[in-house]
Amino acid sequence: MINKARIGITRDLFDKDGKFIIPGPGLKLFDDIPEVEYEIFPESLPEIIPEQIKDFDMVIGALPRWTERSLVGNERLLAVLFTGVGYDRIEVPALNKTGVMLCIAPDGVRRPMAVTIITFILALAMRIFEKDKLTREGRWAEKANYHGVGLTGRTLGSIGVGNIGHEMFMLARPFGMKHIACDPYLTQAAVDDIGVKLTDMDTVLAESDFLNISVPLSQKTHHMIGEKELRKMKKTAYLINTARGPIIDETALIRALQEGWIRGAGIDVFEQEPTPPDNPLLKLDNVIVAPHALGHTDELFMGIWAQKMRQVSQIMRSEVPEALVNREVLDKPELQSRLKKFRASR
């Protein structure tokens, strides 16, 4: 008898009524992989515990943390299939130590998150929420005080030009903006196709009219943007962060917006999430905020889930899965041993 591969799905991918939050065919896509069976975790915990994963070959999830404690005694798990790209809640060294692959979902988030950044740019430039408020309050006579900002000839800058940043610049090409960025991991040739000039961070801070943040959260990038960096920006500049909240020193950002160091901001992420209702950012008219969900569209979720299904199929076929973060784990004896058992049971 051939054993089926077992996939665990974390509870955070379901609403309070137990409905799968992914639009489209969702779990029915497993029907196309008959050699697989899935099981939904009975409860949602902030951190994965060994008891939850001991009977699974792969786990698909989003919110729970993965730590060294999560993998104690692991004798079966082959891969964590994360439904996003910012894997700061997953301790990759712990996965490496125990020989577990980590696969992310760049294909699913690339376009929707780039569109999210463009949405912030347009909404801030046109002062759309301020004008919406004027209209609703019958303050038409004040509209001359709320002129927007044209994009042609302005400078769009980005700290980081990876998966999402590259797509953002591609979508922004018709606006006729100047494109600049800093990214220590790229060569100029890698961004020539989107008309971006790579330069240093100080130049990006000083010259950008719209500054996008597209870097992962790490010890190195924590509070990468603080008072010193914000004071280098133009007083007329807008800052956009859809990456992770702690990349920006939120206290310094609040001061920058209150005191006019910069003109405004589009914020989809906060240092603390959910952010407290008394957060001053929520009271400022020159800020557009979203609950780390502006990019949550049917396109994003369906793209993510399709990539998870491909990764499951690739592992089933003994292939190296796409969007594998920790390729160094492939030669680990621990993983090779579990893969051998997995293949033998098929």
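Coordinate-derived values only; no laboratory data. Bear in mind that the values here come from a model prediction, so they are computed numbers and not experimental data. All Cβ positions, even for glycine, are placed from backbone atoms using ideal geometry, and neighbour counts span all protein chains on display.
Data overview
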{"item": "Computed E for His296/Lys28 - FRET, C-beta separation, R0 22 angstrom, nearest 0.05", "result": "0.60"}
{"item": "Spin-label model distance (nm) - Thr199 vs Lys283, 7 Å beyond Cα toward Cβ", "result": "3.7 nm"}
{"item": "Contour minus Cα-Cα distance for Asp15 and Ser218 (0.36 nm per residue)", "result": "70.1 nm"}
{"item": "The chain: calculated mean residue ellipticity at 222 nm from DSSP helix runs of at least 4, using -39500 (n - 2.57)", "result": "-9000 deg cm²/dmol"}
{"item": "Within the chain, percent of DSSP bridges classed antiparallel, to nearest 5", "result": "5 percent"}
{"item": "Dipole in debye (nearest 20) - the chain, about Cα centre, beta carbon charges: Lys, Arg +1; Asp, Glu -1", "result": "340 debye"}
{"item": "Mean-position separation - Cα centroids, region 52-98 and region 263-335, in angstrom", "result": "16 Å"}
{"item": "Alpha-carbon spread of region 110-289, three principal axes, descending order, Å", "result": "52, 35, 29"}
{"item": "Residues of type lysines that Lys4 reaches as a straight line, Cα spacing below 16 Å, ignoring anything fewer than 8 places off in the same chain", "result": "Lys54, Lys340, Lys341"}
{"item": "At most 12 other Cβ within 10 Å, DSSP loop - GluC sites (Glu not before Pro), region 293-346", "result": "Glu319"}
{"item": "Virtual spin-label span in nm between Asp55 and Arg76, 7 Å along Cα→Cβ", "result": "0.7 nm"}
{"item": "Stretch gain in nm, segment Ala206-Gln336, where the contour uses 0.36 nm per residue and the Cα spacing is subtracted", "result": "41.8 nm"}
{"item": "By average C-beta atoms within 10 angstrom, highest first, the peptides 116-124, 137-145, 51-59, 226-234", "result": "116-124, 51-59, 226-234, 137-145"}
{"item": "Per-residue ³J(HN,Hα) for region 337-346, Karplus 6.51 cos²θ - 1.76 cosθ + 1.60, θ = phi - 60°, Hz, x for Gly and Pro", "result": "5, 5, 5, 5, 5, 4, 5, 5, 7, 7"}
{"item": "Two-site label geometry, Thr251 and Asp192: point separation in nm, points 7 Å out along Cα→Cβ", "result": "4.6 nm"}
{"item": "Computed lengthening from Glu259 to Leu45, 0.36 nm per intervening residue step minus Cα-Cα distance", "result": "73.0 nm"}
